[in-house]
Amino acid sequence: MKIYGVAVLVFCFLIGKYLGGILAGLIGISGDVGGVGFAMLLLMFANGFLKRFNWYEVQTKSGVLFWSSMYIPVIVAMAATRNVHAALDGGWTALMVGVMVTLVGFLLVPLLSKIGTTKEDADGTI
């Protein structure tokens, strides 16, 4: 059932947030460090576990896929918003470093797109 997929996702999210809180406490930061990342890793491991023991029904899979497709863009948007606010609060140095890193990333796109292509692929003839 789809509800089982949602339950797996919620379980992974709560455990991930808990582990992120523990990690933040260990390094002396208030809040959460990597909770979403832990949740995604747990979700991948849970999917593998459910598939291995044939407990992964089609409806469960569709529930996980639906909510994960909704979950990831929302979390990325929230993290990006927090990063922009932190950069603006950090002053001009943080803002300039962010702009420089973004520009370098844009400049590296053509170089990175050539990795793994052959000469025939670049010419358009196969």
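Here, each number is a calculation from the coordinates, and none is a lab measurement. Small disclaimer: the values here were computed from a predicted structure and weren't measured. All Cβ positions, even for glycine, are placed from backbone atoms using ideal geometry, and neighbour counts span all protein chains on display.
General observations
- Dipole of region 2-116 computed with +1 at Lys/Arg Cβ and -1 at Asp/Glu Cβ about the Cα centre; of G98, G25, G48, farthest Cα towards the positive end is G48.
- Local charge for L23 was computed over the other residues whose Cβ lies under 13 Å away, with Lys and Arg +1 and Asp and Glu -1, and equals 0.
- Per-peptide average of other Cβ atoms within 10 Å, ordering 90-102, 26-38, 9-21 highest first: 9-21, 26-38, 90-102
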